[in-house]
Amino acid sequence: MFFKKLFPQKLKNYGKHLPAAVLANLSYQRPSKKLKLIGVTGTDGKTTTSYLIHYFLTRAGFKTGLVSSILAKIGAEEVSTGFHVTTPSPIKLQGFLKKMLKQKVNYAVLETTSHGWDQFRLWGCRFEVGVLTNITHEHLDYHHTYEQYLAAKFKLLLASQKAVVNADDESFDYIKRKLKKPTLTYGIKNQANLRALRIKQSLRGTRFVLLIEKGKFQGRYEIKTALLGEFNVANQLAAIGAGITFGLSPIKMAEWLLEFPGVVGRMENINNKKGVKAYIDFAHTPNALKSALTTLRQIMPKSKKLIVIFGAAGLRDSQKRPFMGQVAARLADYAVFTSEDPRTEDPQKIIKEISKGARSQSWKKLSKRKAKIGRLAQSRGFFVLPHRQEAINFAIRKLASKGDFVISCGKGHERSMCFGKTEYPWSEHKAVEVALKGRRKK
């Protein structure tokens, strides 16, 4: 705390991060000036939207690069961006862009964060298009207020020639007042340039009608996709909007969506022979958790249980923890609260803060010893298992019966879990597979 007061973040940004960004641009000779950059930011949906835009441009025949929280795609090469990293350091980012130029890449899609903008990691980059998905409760440990968080995200739109923004988001009024450049809007609830109508969801995917009311591509288009959830409808609208700004046909994008493979760790169905509907999702904010659980509620039989496993990261926005507990209590039948990168915080303390929100919704902590397969008491509630593998095993092997839905949230694609100051190897996919292969406990 003493050092934070002595060296406030703003001083570090201007004294350390900005010079590093300037030096990185000079070292690599401003590669972004020779690329058409598409930036994507938002609290949730950044990765899926970025992947969709990259997919559309690639299918259209453009050689396209990608830098995301999962990896960087440079031509045929896939490169790690590091643990828990979305926007890399300036030297690494400019290095990626330089490599793209050498491989004759024309377009680059960059998933960008509020930290990245505040710390000048994207300094020197000028974007053809900036896409904003949404801005909800997150990172207030760093930005302190929603207004400062919004201002950091807004920097992408200021650095872009054109903007694609969500008319349904609470940030829209601010953006409408502040942004003075060509802007394409999309939405499901509110009036927008691109709208999704008649959304129908099932276990097989989602169908909706895309309505474009003005411009070259005015008309109605049938969209079918394997992606689940209204939140993914919004992500697809954002990506289609970005595609339209580059002249891509909505008819073609609708055709390509039929073959879109999805994104690892994003509402990903894990096939298995147990008869359990198992999903992995990266949801680690109250809004994302709400979207994921709401989606499953909408497509699952009412007679089946919805079980969610999640925690909250240590040394990150602690204010969101009780909100996530509240979301679980409102939408799930059972929750298993566990560890998720506790870092130097006590996992039990983090879980206690999540539990406080669940208790505020009249949920009770349940005893795992009394839980019997398919014969749990009628009262809904939560379990506490700090060891994440044990939590996933318990949810799948003991809580879930055939046909029940289990979703493990918060880790998604990540390849490590941080305890103390050490990153230990971790794979959510392997953890779920281990649980699915094991026998049910009696």
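The values are calculated or read from the model by the stated rules, or taken from the named source; none is laboratory data. The shown structure was predicted, so the numbers you read here are calculated from the model rather than taken from an experiment. Every residue, glycine as well, gets a Cβ built from its backbone with ideal geometry; the counts of neighbours run over all protein chains shown. Note: accessible area is taken over every heavy atom of the protein model, side chains too, but ligands, DNA and RNA are not part of it. Shrake-Rupley method; radii C 1.70, N 1.55, O 1.52, S 1.80 Å.
Out of the residues in segment 242-261 that are small (Gly, Ala, Ser) and crowded, with 17+ Cβ neighbours inside 10 Å, state the one that is farthest from residue 157 (Cα to Cα). Spell out the reasoning first.
We begin by selecting, within segment 242-261, every residue small (Gly, Ala, Ser); these are 242-243, 247, 249, 254.
Subsequent filtering for residues that are crowded, with 17+ Cβ neighbours inside 10 Å retains 242-243, 254.
Working: 242: 13, 243: 17, 254: 26 Å.
Among those that are small (Gly, Ala, Ser) and crowded, with 17+ Cβ neighbours inside 10 Å, it is 254.
Yes or no, residue by residue, for (1) open to solvent by 10 Å² or more (accessible area, probe 1.4 Å); (2) at pLDDT 95 or above; (3) under 15 Å from the mean Cα position of the chain (by Cα):
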{"residue": "288", "(1), (2), (3)": "yes, no, yes"}
{"residue": "292", "(1), (2), (3)": "no, yes, yes"}
{"residue": "297", "(1), (2), (3)": "yes, yes, no"}
{"residue": "304", "(1), (2), (3)": "yes, yes, no"}
{"residue": "312", "(1), (2), (3)": "no, yes, yes"}
{"residue": "315", "(1), (2), (3)": "yes, no, no"}
{"residue": "321", "(1), (2), (3)": "no, yes, no"}
{"residue": "324", "(1), (2), (3)": "no, yes, no"}
{"residue": "327", "(1), (2), (3)": "yes, yes, no"}
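Considering only residues that are more than 19 Å from residue 38 (Cα to Cα), outside any helix (DSSP H, G or I) and touching a residue at least 40 places away in the same chain (Cβ under 8 Å), which ones fall in segment 237-267?
To start, the set of residues in segment 237-267 that are more than 19 Å from residue 38 (Cα to Cα) comprises 251-252, 254-262, 264-267.
Add one more test, that the residue is outside any helix (DSSP H, G or I), and what stays is 258-262, 264-267.
Within segment 237-267, 260, 264, 265, 266, 267 qualify.
For (1) at pLDDT 95 or above; (2) in contact with a Ser or Thr (Cβ under 9 Å, 6 or more places away or on another chain); (3) within 19 Å of residue 107 (Cβ to Cβ), each residue gets a yes or a no:
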| residue | (1), (2), (3) |
| --- | --- |
| 239 | yes, yes, yes |
| 244 | yes, no, yes |
| 247 | yes, no, yes |
| 251 | yes, no, no |
| 258 | yes, yes, no |
| 271 | no, no, no |
| 276 | yes, yes, no |
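Based on this model, can you work out whether residue 129 counts as free of Cβ contacts under 8 Å to residues at least 60 places away in the same chain, in contact with a helix residue (DSSP H, G or I) (Cβ under 8 Å, 6 or more places away or on another chain) and surrounded by 19 or more Cβ atoms within 10 Å (Cβ to Cβ)? Walk me through how you get there before you give the answer.
Values: free of Cβ contacts under 8 Å to residues at least 60 places away in the same chain: no; in contact with a helix residue (DSSP H, G or I) (Cβ under 8 Å, 6 or more places away or on another chain): yes; surrounded by 19 or more Cβ atoms within 10 Å (Cβ to Cβ): yes.
In short, no.
Hey, can you tell me all the residues within segment 52-97 that are in contact (Cβ under 8 Å) with a residue 60 or more places away in the chain, part of a helix (DSSP H, G or I) and crowded, with 18+ Cβ neighbours inside 10 Å?
52, 53, 55, 56, 57, 59, 90, 93, 94, 95, 97
Tell me the residue from 175, 199 that is touching a helix residue (DSSP H, G or I) at 6+ places or on another chain (Cβ under 9 Å), assigned to a strand (DSSP E or B) and either closer than 21 Å to residue 45 by Cα or open to solvent by 20 Å² or more (accessible area, probe 1.4 Å) (or both), please. Break it down stepwise before answering.
Values: 175 fails: assigned to a strand (DSSP E or B).
Testing whether each residue is touching a helix residue (DSSP H, G or I) at 6+ places or on another chain (Cβ under 9 Å), assigned to a strand (DSSP E or B) and either closer than 21 Å to residue 45 by Cα or open to solvent by 20 Å² or more (accessible area, probe 1.4 Å) (or both) leaves just 199.
Each row is one residue, and each column tells you yes or no for (1) open to solvent by 40 Å² or more (accessible area, probe 1.4 Å); (2) at pLDDT 95 or above; (3) out of contact with any His (no Cβ under 8 Å at 6 or more places or on another chain); (4) part of a strand (DSSP E or B).
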| site | (1), (2), (3), (4) |
| --- | --- |
| 110 | no, yes, yes, yes |
| 117 | no, no, yes, no |
| 123 | yes, no, yes, no |
| 137 | yes, no, yes, no |
| 149 | no, no, no, no |
| 155 | yes, no, yes, no |
| 163 | no, yes, yes, yes |
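Only one of 386, 425, 342 is over 30 Å from residue 302 (Cα atoms) and crowded, with 16+ Cβ neighbours inside 10 Å; which? Spell out the reasoning first.
Details: 386 fails: over 30 Å from residue 302 (Cα atoms); 425 fails: crowded, with 16+ Cβ neighbours inside 10 Å.
Checking each option against the conditions leaves just 342.
Please go through (1) open to solvent by 20 Å² or more (accessible area, probe 1.4 Å); (2) over 30 Å from residue 427 (Cβ atoms); (3) not hydroxyl-bearing (Ser, Thr, Tyr) for residue 273 and return the number of the only condition it doesn't satisfy.
(2)
Any idea which of 365, 305 is touching a Phe, Trp or Tyr at 6+ places or on another chain (Cβ under 8 Å) and without any contact (Cβ under 8 Å) to a residue 24 or more places away in the chain?
Details: 305 fails: without any contact (Cβ under 8 Å) to a residue 24 or more places away in the chain.
Selected residue: 365, the only one of 365, 305 that is touching a Phe, Trp or Tyr at 6+ places or on another chain (Cβ under 8 Å) and without any contact (Cβ under 8 Å) to a residue 24 or more places away in the chain.
Being touching a Ser or Thr at 6+ places or on another chain (Cβ under 9 Å) and among the aliphatic types (A, V, I, L, M) is the filter; apply it to segment 179-196 and report the residue that is surrounded by the most Cβ atoms within 10 Å (Cβ to Cβ).
Among those residues, the one meeting the criterion is 194.
Does at least one position in segment 207-224 carry a residue that is open to solvent by less than 10 Å² (accessible area, probe 1.4 Å), under 26 Å from residue 413 (Cα atoms) and either in contact (Cβ under 8 Å) with a residue 12 or more places away in the chain or under 22 Å from the mean Cα position of the chain (by Cα) (or both)?
Checking segment 207-224: not a single residue is open to solvent by less than 10 Å² (accessible area, probe 1.4 Å), under 26 Å from residue 413 (Cα atoms) and either in contact (Cβ under 8 Å) with a residue 12 or more places away in the chain or under 22 Å from the mean Cα position of the chain (by Cα) (or both).
Within segment 19-51, track down each residue that is surrounded by fewer than 20 Cβ atoms within 10 Å (Cβ to Cβ) and either assigned to a helix (DSSP H, G or I) or of a type in the set (D, E, K, R) (or both).
From segment 19-51, those surrounded by fewer than 20 Cβ atoms within 10 Å (Cβ to Cβ) are 19-20, 22-23, 26-27, 29-30, 33-34, 36; that's our starting set.
Matches in segment 19-51: 19, 20, 22, 23, 26, 27, 30, 33, 34, 36.
Looking at 238, 278, which one is over 17 Å from the mean Cα position of the chain (by Cα), farther than 13 Å from residue 59 by Cβ and surrounded by 24 or more Cβ atoms within 10 Å (Cβ to Cβ)?
Criteria check complete, one pass: 278.
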